[in-house]
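J.: One structure coming up, written as structure tokens, with questions to follow.
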């Protein structure tokens, strides 16, 4: 997949658990795991906004396009 998800990197930088992150953005830990592991087919802009707000980052810090 050419889109690499870097949520785990941002969580590690902030020493934040998936459970804590999920609670702050309003998702279940299972749904955060789907996003974090790159298995999601889509991400709502409202979810992306919440992730960026909580992690104090830009969307490009969470998602990266990599050429195959």
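Readers should treat all values here as calculations from the given coordinates under stated rules, not as data from a laboratory. All figures in this text were calculated on a predicted structure; none of them were measured in a lab. Backbone-built Cβ (ideal geometry, glycine too); neighbour counts: all protein chains shown.
J.: Give the relative contact order (percent, whole number) for the chain; include only Cα pairs under 8 Å separated by 6+ residues.
T.: Values: 58 pairs, mean separation 36.9, N = 68.
Over the chain, the number comes to 54 percent.
J.: Arrange the following residues from fewest to most other Cβ atoms within 10 Å of their Cβ: 6, 39. Don't skip to the answer; put the middle values down first.
T.: Values: 6 16, 39 10.
The fewest-first ordering by Cβ neighbours comes to 39, 6.
J.: Between residue 4 and residue 67, 0.36 nm times their residue separation minus their Cα-Cα distance comes to what? Mind dumping the intermediate values first?
T.: Numbers: separation 63, 0.36 × 63 = 22.68 nm, distance 1.03 nm.
Going from the current span to full extension adds 21.7 nm.
J.: Under 10 Å, Cα contacts only: if you run a Gaussian network model on the chain, which one of 22, 50, 12 comes out with the highest mean-square fluctuation?
T.: Sorting by GNM fluctuation, first place goes to 12.
J.: Ok, one more. Between residue 58 and residue 30, what is the label-to-label distance in nm when each label sits 7 Å out along the Cα-to-Cβ direction?
T.: Each label point is offset 7 Å from its Cα along the Cβ direction, giving 3.6 nm.
J.: Okay, moving on. Please give the calculated 222 nm ellipticity per residue for the chain, where each DSSP H segment of at least 4 residues contributes -39500 (n - 2.57) and the sum is spread over every residue; nearest 500 deg cm²/dmol? Could the numbers behind the result be given before it?
T.: Numbers: 5 runs with 38 residues, N = 68.
Theoretical 222 nm ellipticity from helices: -14500 deg cm²/dmol.
J.: Could you tell me whether the stretch 3-65 comes out rounded, prolate or oblate from its Cα gyration tensor? Rule is a ≥ b ≥ c as square roots of the eigenvalues, rounded for a/c under 1.5, then prolate if a/b exceeds b/c, otherwise oblate. Please report the intermediate quantities before stating the final value.
T.: Details: a/c = 1.26, a/b = 1.11, b/c = 1.14.
In terms of gyration-tensor shape, rounded.
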